[in-house]
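Structure, as structure tokens:
The values are calculated or read from the model by the stated rules, or taken from the named source; none is laboratory data. Please read all numbers here as calculations on a predicted model, not as lab measurements. Glycine also receives a Cβ, built like all others from the backbone with ideal geometry; neighbour counts cover every protein chain displayed. Just so you know, the surface numbers come from the protein's heavy atoms only, side chains and all, with ligands and any DNA or RNA stripped out. Shrake-Rupley method; radii C 1.70, N 1.55, O 1.52, S 1.80 Å.
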Amino acid sequence: MDPDLAKVLGGLGAFVAAAGFFAGWPAVIVGAVLLYIGLSELRAGGADLSKWLVYAILAAVAFGIAHMALGFSLERFYRLWSLPAAGFALAVGAAAWVAGWVLQVASAYRLRPVLKALEGSTGERLFSVANTLYWWGSFLAVIAVGLILIFVAYLLVGAGLLVAKFQPR
């Protein structure tokens, strides 16, 4: 694949993944897959990106389940606090949120060397900033403020891919 096409595909994927924070977890998955294809075609860092992709997809699904379950339980608690289904949904939502958090931290661990290698090979500082934001955002995702940092990190990765200068293979 042409490096310019891989850059655009990866950048588009990063932007779609960022938009997924508003559009929903399926958009995060589509964006992560496009980002994976772009980065693997650029052979970014020589690291195994498939592990990052699996962790990122599972984290998006877990956060999606948590969002649905917690939304259901909070709505039911507001209407009728003694409804047993609301308590069960709250427990499922909390468990899914913790699982999503653990998987998000694992994805950040796997993406870290790739972004460092991209910064080293291109000299683009956006990858360093995105790496830091993705790393700390993953740890802070347990209190939800980290999701904003991850959103910004995806935007910076997309912008970095679009402006970076890659050498043809």
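At what distance in nm do the modelled label points of VAL33 and LYS165 sit from each other, each positioned 7 Å from its Cα along Cα→Cβ?
Simple spin-label model gives 3.5 nm for this pair.
Rounded to the nearest 500, what is the chain's calculated 222 nm mean residue ellipticity when only DSSP H runs of at least 4 contribute -39500 (n - 2.57) each, over all residues?
-29500 deg cm²/dmol
Order these peptides, 121-128, 88-95, by their mean beta-carbon neighbour count within 10 angstrom, highest first.
By packing density, highest mean first, the sequence is 121-128, 88-95.
For a Förster distance of 45 Å, can you work out the FRET efficiency between the beta-carbons of ARG43 and PHE88, rounded to the nearest 0.05?
That pair, ARG43 with PHE88, gives E of 0.45.
Quick one: compute the contact order of the chain, relative version, from alpha carbon pairs under 8 angstrom and 6+ residues apart, as a percent.
The value is 25 percent.
If I ignore ligands, DNA and RNA and count only protein heavy atoms, how much of TYR109 is accessible to a 1.4 Å probe, in Å² to the nearest 10?
140 Å²
In nm, to one decimal, how far is the MET68 label point from the LEU5 one, both placed 7 Å along Cα→Cβ?
3.6 nm
Please report the Cα spread of the chain along all three principal axes, rounded to whole Å, starting with the longest.
Taking the Cα atoms of the chain, the three principal extents are 63, 23, 22 Å.
So between SER128 and VAL54, what do we pick up on full extension, going 0.36 nm a residue minus the alpha carbon distance?
Taking SER128 through VAL54 to full extension adds about 24.4 nm, to one decimal.
Given a 1.4 Å probe, how much area per residue of the chain is accessible, in Å²?
51 Å²
State the percentage of accessible surface on the chain attributable to carbon and sulfur atoms; use a 1.4 Å probe and exclude ligands, DNA and RNA.
Answer for the chain: carbon and sulfur cover 72 percent of the accessible area.
Straight distance only, please: which aspartates and glutamates reach the Cα of LYS165 with their own Cα at less than 15 Å, same-chain residues fewer than 8 apart left out?
Within reach: ASP2, ASP4, GLU41, GLU119, GLU124.
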